[in-house]
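Shown below is the structure under consideration.
The values are calculated or read from the model by the stated rules, or taken from the named source; none is laboratory data. Quick caveat, the model's predicted, so the values are computed rather than measured. With ideal geometry, Cβ positions are generated from the backbone for all residues, glycine too; neighbour counts draw on all protein chains shown.
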Amino acid sequence: MPARFARLRIAGFKSFADATTVEILPGLTGVVGPNGCGKSNVIEALRWAMGEANARNMRGGEMEDVIFAGTAGRASRNLAEVTLTLEETSGLAPPPFHEAADLEISRKIERGSGSSYRVNGKEARARDVQTLFADLASGSRASAMVSQGRVGALVNARPDERRALLEEAAGITGLHARRHEAELKLKAAEQNLSRAEDLKGQIESRLAELKKQSRQASRYRNLSGAIRAAEAELLAIQRAVAQAAQKAAQAAFNLADAKVTEATIASTEAATYAAETEALLPQLRSTEAEARTLLERARIAQEQSAEAETRARASLTEARMRVDTLARDHAHASKLAADAETAQNRLDEEQTRLLNELVSAPALLEAAGQAEDAALEAMREAEVAANRATEDAARIAAESEAARRALGEAESRSKRAASRLAEIESEFNRLSASLIPAERVAAAEAERTAAEAALLAAREAVTVAEAERARAETALAAARTEAAAADSAATKITTEYDALAALLAQKFGREGTPILDSIAVPPGLEVALGAALREELSASAEPAAARHWRQLPPLELTVVPLKSFANLVTGPAALTRALSHILLLPEGADGDIHQGNLTAGQILVSREGAVWRWDGYTIRPGATSEAAVRLAQRNRLNALESERAITRTAAETGRAARSQAELAERNARTAEQAAREARRTAEQRFDRARSEAVRLVAEAERASAKLATVKAQYDQSSAEAAELQAILTDIQSKAAKLPDISNARAVVEAARSALTTARQAESAARRELEALRSADAARTKRLEILDRERGDWVERARDATDRLTDLTARRAEAELTAAALTDAPAVAAAARRDALDALGAAEANHRRAAEALHVAQTNADNAARQVRVAETALSNAREARAREEGNITAAKHAWGTVAERILERLGATPALPDPPADLTPDAEDKARKRWERLTREREEMGPVNLRADIEAEEAEAAIATIERERDEITSAIAKLRGSIGHLNREGRERLSAVFTEVDKHFQTLFSRMFGGGKAHLALVGSDDPLEAGLEIYAQPPGKKLATLSLLSGGEQALTALSLIFAVFKCNPAPISVLDEVDAPLDDANVERFCTLLEDMVRETGTRFLVVTHHHLTMARMDRLYGVTMQERGISRLLSVDLARAVDMVEPAGHAMAAE
């Protein structure tokens, strides 16, 4: 064994409140105790220490539930710790514990802090601990940890879930974890590569945008200068306009002030005249008011007299109408008295008639009651007779219907029995003819063997093709990396070349071709030449240009021991004189010393850009000119041209190599796909052959069983058919003896007819009696009503008499009143005529007074109007003066605004240009439009990044960094793919190798556990061993071959244990836990199980922890640990070494025998 589990220390874990140590010794160690005392907690502590991460597998809701929760007498703990000691672990643990001979692995959990792992006292990752145990074929979920229900779970598991057993047997459980980790790293690296490519594309797009923004920034600066000049011109015009406006406003104000004085005099004169006319009005208004008062009084008197006449006429009319109304009321009262006397006579006659009818009513009622009783008795007798006849007919009909149904059912059952007998006979003949010959079964088995051999060959071909494909992928990744690097270098050189070419294509001078483009400057002298000539290099060599170089003959110069630029630079003849006056300062020399020796026109420059002119003018190094930059860019462009050709060639070579690698990879992938297709075809052939063989065997057995079943069914159906025929004959004889139903139905119809006649007679007698009773009640009620009506009419007659008396008196009084009012209208009419004459006189007097007042009021209104006109003229004059004063203020404010704007835009001492002679609004508008146009052009540019040059350099540096990181990621991806391919190949090889060995051990252990029979394993579901499922086929002694799920419970448990121990034999685990796996086994199987455990200990050296309740299992253990719970909720551990106990007992027994 590569390592040994030595001991387990538990502290504060679940029910183990106190520290407890479990020594894991060689052989079989049993853990026993009553249910619920904590046996499984020992096993869960071991699994928890090996890295179990699911709290539900620990029978808890969350992981902190494993900490001792306390009892009634014990406080809860805040932490739990389990320590597992391993021996002889040298070379098994990851660094830095690789060389450690022993390992102490502990896991601690604290409430609110989570759990932590330590290996030999040092912090460790959970994944490292889990991988360590997985490499030892152990771990919390290893097949060696057979907990309660694990055997059942193995039985019910899917084939792909059972593959984990093979992986443990092959020792690749840890390899799975490493492959998964490598796949995660590969995925992360591919994501990083994708992000790097995306980021590079974004930055490259940003770089192109930044170069465009750099050109925009240059244009922005040029526009800003033109805007400042245009604004200065506009401000000069506005200042001149403001000054002229001030003078014009002052002159207009003086004129408006004189007009105000004239208007004031005119307003005073008009006011005097208005006051004189207004003084005459009060007396005239008083006279007009008195006349209007007299007029109103006369009008009121006239209206009152007219109203008095109207009231007199109305009173006379009302009195006459009252006399007529009372006459009509008197006639109506007389008619009511006569009607009351007539009604009383009619009621007396009706009362006499009803009293006579009431005397003869009792005799009629008695006779009708006797007739109704006789009809009722006759109807009851008819009902009894009809019910008796109906019951007899229903009984006969029911007996007939029952006999008919019994007969039909017997006939139907007899027919079905005959049909069923014929079907069974046909099925028996068909099954006899469909029995499968033994030769056909043998041929199917041979086909399965051949298909299996072809499948093994196809799988080997797939393995070879996968290896070739992996090598092609690795080569392709390397070729792609090299091609990408070459493309990146070529793109970088081309981008820089195109950018410099575009910059150099831009116009440098103001007009014509600058002479700078005709100069060839050696590298390193660009700054020096640009510092010497600066802006002069932008002038043209063409004589027609405003700024140009003229060709002049050379001058005689004083010889200075310094190199002249005429000997260093190649340029046009027009620059010969200028270049010969420019001298180059040697490296390390002091220009200040040589400056005194320069003759007129000579310039001394250094390579760093310092300038010493003959007249004393000096420029320190570092002030780079635009000409120097352009010269350097042109030299760099020439150098890049050759580099571009080289990088293009390298890129084309890389792309060709990448294309070849891609072709090779596609060929390898095509070959792999063909191999996989061949493997899939072979697997399908094998599955078909195996299915056909299994199907033929199963069909043969099913056909034999069905044949025996059908024979028994035939015998039973024959007996049933004979019995049913006898029953049918008996029912037919009984049905023939039943009475005829038609006679009974005729009797029922006669009885029902008699009953109908009796009911009609009884109904007529009852109606007659009810009519007499109703008439008698109606007479009694009418007599009562007559008494009430007669009293009402007597009261009405009395009221009519009283009303006649009252109406006679009121009519006489109304006639007297009408006679008194006959002359009143004429008297009122005479008074009205007198009042009308007085009203006419008052109206004439008021009209004369009103006309005099109107004339005086008109004169006063005219005078007031003249005053208002004068005041309006004065107000307008004052407003005009105020406006002119406002114009002065506005002109001053405009001047101040212009002055403030000039101060704001141009400073305290502005250097404004002279204003033009034309100060019209058109001139100002033209200047403003020019300034606005330039400003609009600048604004239309939008936001301008003035740091574009700096950001472009930063973007280029970032692209270089990303390309470097991309190369590193590409290399890492290639390595990870190679590692994953290696892990897959290793896993397939080890899994395929171990499958045969596990199958061999499984067949042997199955026969041993069952005392015979046979079984085998098969990979199903996929042609890839790493993805295929594990199916178990078993045939216990005396039974047919079937899958594991079709076996009985005990057979399933033994088969599953056989598989578990077969895995042990291939990859023995240092420790195995069996938690009550012997529960479903009987005593004989328990003996076989314990014997197998002892053999496993001898063969593999595995140390077993067996949790059991079975006394036979306990007896076969080397030692026992008893788990007790003397204190409720607190588990304790006691140990007994059975082997040492036996050794101690045997000598004592021998001594007693000797005595």
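Using the structure shown, decide if Gly978 is at pLDDT 75 or above and either part of a helix (DSSP H, G or I) or at positive phi (or both). Quick ask: steps written out before the conclusion?
Working: at pLDDT 75 or above: no; either part of a helix (DSSP H, G or I) or at positive phi (or both): yes.
Criteria not met by Gly978.
Conditions first: (1) closer than 30 Å to Pro921 by Cα; (2) crowded, with 16+ Cβ neighbours inside 10 Å; (3) not hydrophobic (A, V, I, L, M, F, W, C). Asp257 passes all but one, so which condition is the exception?
With respect to (1) closer than 30 Å to Pro921 by Cα; (2) crowded, with 16+ Cβ neighbours inside 10 Å; (3) not hydrophobic (A, V, I, L, M, F, W, C), Asp257 is out only on (2).
Now, a different point. Considering only the range 1-44, state which residues are aliphatic (A, V, I, L, M) and part of a loop (DSSP other than H, G, I, E, B).
Correct list: Met1, Ala3, Ala17, Ala19, Ile24, Leu25.
Quick grid of which residues meet (1) touching a residue at least 40 places away in the same chain (Cβ under 8 Å); (2) assigned to a loop (DSSP other than H, G, I, E, B); (3) surrounded by fewer than 16 Cβ atoms within 10 Å (Cβ to Cβ); (4) under 38 Å from the mean Cα position of the chain (by Cα):
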{"position": "Thr83", "(1), (2), (3), (4)": "yes, no, no, no"}
{"position": "Ala100", "(1), (2), (3), (4)": "no, yes, no, no"}
{"position": "Ala134", "(1), (2), (3), (4)": "yes, no, no, no"}
{"position": "Gly139", "(1), (2), (3), (4)": "yes, yes, no, no"}
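Residues are listed down the side, and each one gets a yes or a no for (1) among the hydroxyl-bearing types (Ser, Thr, Tyr); (2) modelled with pLDDT of 75 or more; (3) outside any helix (DSSP H, G or I); (4) within 20 Å of Arg964 (Cα to Cα):
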{"residue": "Gln191", "(1), (2), (3), (4)": "no, yes, no, yes"}
{"residue": "Glu197", "(1), (2), (3), (4)": "no, yes, no, yes"}
{"residue": "Gly201", "(1), (2), (3), (4)": "no, yes, no, yes"}
{"residue": "Glu204", "(1), (2), (3), (4)": "no, yes, no, yes"}
{"residue": "Gln213", "(1), (2), (3), (4)": "no, no, no, no"}
{"residue": "Arg221", "(1), (2), (3), (4)": "no, no, no, no"}
{"residue": "Ser224", "(1), (2), (3), (4)": "yes, yes, no, no"}
{"residue": "Arg228", "(1), (2), (3), (4)": "no, no, no, no"}
{"residue": "Leu235", "(1), (2), (3), (4)": "no, no, no, no"}
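Further question: Which pairs do you get when a residue that is under 30 Å from Ala751 (Cβ atoms), found in the range 392-415, comes within reach of a residue that is of a type in the set (Lys, Arg), reach meaning Cβ atoms under 6 angstrom, with the pair 6+ apart or on two chains?
Ala393/Arg745
OK, next. Just a yes or no: is a residue in the range 497-504 at pLDDT below 70 and either more than 54 Å from the chain's Cα centre (by Cα) or within 30 Å of Ala974 (Cα to Cα) (or both)?
Yes, that holds for at least one residue.
Surrounded by fewer than 20 Cβ atoms within 10 Å (Cβ to Cβ), touching a residue at least 12 places away in the same chain (Cβ under 8 Å) and closer than 26 Å to Cys1066 by Cβ - does that describe any residue in the range 26-34?
yes
Determine whether the range 63-84 contains at least one residue that is among the aliphatic types (A, V, I, L, M) and under 21 Å from Val1077 (Cα atoms).
First pass over the range 63-84, keeping only residues among the aliphatic types (A, V, I, L, M): 63, 66-67, 69, 72, 75, 79-80, 82, 84.
Checking the rest, the ones that are also under 21 Å from Val1077 (Cα atoms) come to none.
No - not one qualifying residue is present in the range 63-84.
For the structure I just gave you, tell me whether Thr277 is closer than 30 Å to Glu768 by Cα, of a type in the set (Val, Ile, Thr) and in a helix (DSSP H, G or I). Break it down stepwise before answering.
Values: closer than 30 Å to Glu768 by Cα: no; of a type in the set (Val, Ile, Thr): yes; in a helix (DSSP H, G or I): yes.
In short, no.
Of the conditions (1) modelled with pLDDT of 75 or more; (2) not in a helix (DSSP H, G or I), Ser718 satisfies every one except a single condition; which number is it?
Failed condition: (2).
Same structure again: Among the residues of the range 143-153, is any of a type in the set (Ser, Thr, Tyr), modelled with pLDDT of 70 or more and touching a Phe, Trp or Tyr at 6+ places or on another chain (Cβ under 9 Å)?
Scanning the range 143-153 turns up at least one residue that is of a type in the set (Ser, Thr, Tyr), modelled with pLDDT of 70 or more and touching a Phe, Trp or Tyr at 6+ places or on another chain (Cβ under 9 Å).
Between a residue in the range 945-957 that is in contact (Cβ under 8 Å) with a residue 12 or more places away in the chain and any residue that is buried (at least 17 other Cβ atoms within 10 Å of the Cβ) and outside any helix (DSSP H, G or I), which pairs come within a Cβ distance under 8 Å, given they are 6 or more apart or on different chains?
Between residues of the range 945-957 that are in contact (Cβ under 8 Å) with a residue 12 or more places away in the chain and residues that are buried (at least 17 other Cβ atoms within 10 Å of the Cβ) and outside any helix (DSSP H, G or I), the close pairs are Glu951/Asn945.
As an exercise: evaluate Thr805 against (1) touching a residue at least 60 places away in the same chain (Cβ under 8 Å); (2) farther than 26 Å from Glu290 by Cβ; (3) in a helix (DSSP H, G or I) and give the number of the one condition it does not meet.
Failing condition for Thr805: (1).
Look through the range 859-896, keep the residues that are in contact (Cβ under 8 Å) with a residue 12 or more places away in the chain and of a type in the set (D, E, K, R), and return whichever of them is nearest to Asp257 (Cα to Cα).
Ranking the candidates gives Arg881 first.
Would you call Ala385 assigned to a helix (DSSP H, G or I), over 60 Å from the mean Cα position of the chain (by Cα) and within 27 Å of Ala678 (Cα to Cα)? Outline the logic, then answer.
Details: assigned to a helix (DSSP H, G or I): yes; over 60 Å from the mean Cα position of the chain (by Cα): yes; within 27 Å of Ala678 (Cα to Cα): no.
In short, no.
Looking at the range 356-383 only, could you name the residues that are among the hydrophobic types (A, V, I, L, M, F, W, C), closer than 18 Å to Gln760 by Cβ and either modelled with pLDDT of 75 or more or loosely packed, with under 15 Cβ neighbours inside 10 Å (or both)? Spell out the reasoning first.
Initial filter on the range 356-383 (among the hydrophobic types (A, V, I, L, M, F, W, C)): 358-359, 361, 363-365, 367-368, 371, 374-376, 378-379, 382.
Cutting the leftovers down to closer than 18 Å to Gln760 by Cβ gives us 368, 371, 374-376, 378-379, 382.
Result: Ala371, Ala374, Ala375, Leu376, Ala378, Met379, Ala382.
Going residue by residue through the range 700-710, is there one that turns out to be out of contact with any Gly (no Cβ under 6 Å at 6 or more places or on another chain), modelled with pLDDT of 75 or more and either of a type in the set (A, V, I, L, M) or under 27 Å from Asn356 (Cα atoms) (or both)? Full working, then the answer.
Step one: filter the range 700-710 for residues out of contact with any Gly (no Cβ under 6 Å at 6 or more places or on another chain), giving 700-710.
From what's left, modelled with pLDDT of 75 or more: none.
For the range 700-710, residues out of contact with any Gly (no Cβ under 6 Å at 6 or more places or on another chain), modelled with pLDDT of 75 or more and either of a type in the set (A, V, I, L, M) or under 27 Å from Asn356 (Cα atoms) (or both): absent.
Quickly run through the range 959-975 and pick out the residues that are under 30 Å from Gln213 (Cβ atoms), modelled with pLDDT of 75 or more and surrounded by 17 or more Cβ atoms within 10 Å (Cβ to Cβ).
Ile959, Ile962, Glu963
Consider Ile515 against the criteria (1) modelled with pLDDT of 75 or more; (2) in contact with a Leu (Cβ under 7 Å, 6 or more places away or on another chain); (3) surrounded by 20 or more Cβ atoms within 10 Å (Cβ to Cβ): it satisfies all of them except one. Which criterion is unmet?
(1)
Continuing with this model, one more query. With respect to Glu168, is the statement that it is crowded, with 20+ Cβ neighbours inside 10 Å and within 30 Å of His1001 (Cβ to Cβ) true?
yes
Quick one: which helices (runs of 4 or more DSSP H) lie wholly within the range 1040-1155 and hold at least 2 residues that are at pLDDT below 80 and of a type in the set (A, V, I, L, M)?
Hits in the range 1040-1155: 1138-1154.
Quick check, is His846 exposed (fewer than 13 other Cβ atoms within 10 Å of the Cβ) and either modelled with pLDDT of 80 or more or in a helix (DSSP H, G or I) (or both)? Before you say what the answer is, go through the steps one by one.
On the way: exposed (fewer than 13 other Cβ atoms within 10 Å of the Cβ): no; either modelled with pLDDT of 80 or more or in a helix (DSSP H, G or I) (or both): yes.
When the stated conditions are applied, His846 does not pass them.
Is at least one residue of the range 1088-1104 surrounded by fewer than 22 Cβ atoms within 10 Å (Cβ to Cβ), under 15 Å from Gly149 (Cα atoms) and polar (S, T, N, Q)?
no
Could you tell me which numbered condition Leu1019 fails, if it satisfies all but one of (1) surrounded by 23 or more Cβ atoms within 10 Å (Cβ to Cβ); (2) part of a strand (DSSP E or B); (3) touching a residue at least 60 places away in the same chain (Cβ under 8 Å)?
Here Leu1019 meets the rest and fails (3).
Across the range 795-818, what is the number of residues that are aliphatic (A, V, I, L, M) and either touching a Gly at 6+ places or on another chain (Cβ under 7 Å) or loosely packed, with under 12 Cβ neighbours inside 10 Å (or both)? Before you say what the answer is, go through the steps one by one.
Step one: of the range 795-818, the residues aliphatic (A, V, I, L, M) are 797, 800, 804, 807, 809, 812, 814, 816, 818.
Applying the additional criterion that residues be either touching a Gly at 6+ places or on another chain (Cβ under 7 Å) or loosely packed, with under 12 Cβ neighbours inside 10 Å (or both) yields 809, 812, 816.
Count: 3.
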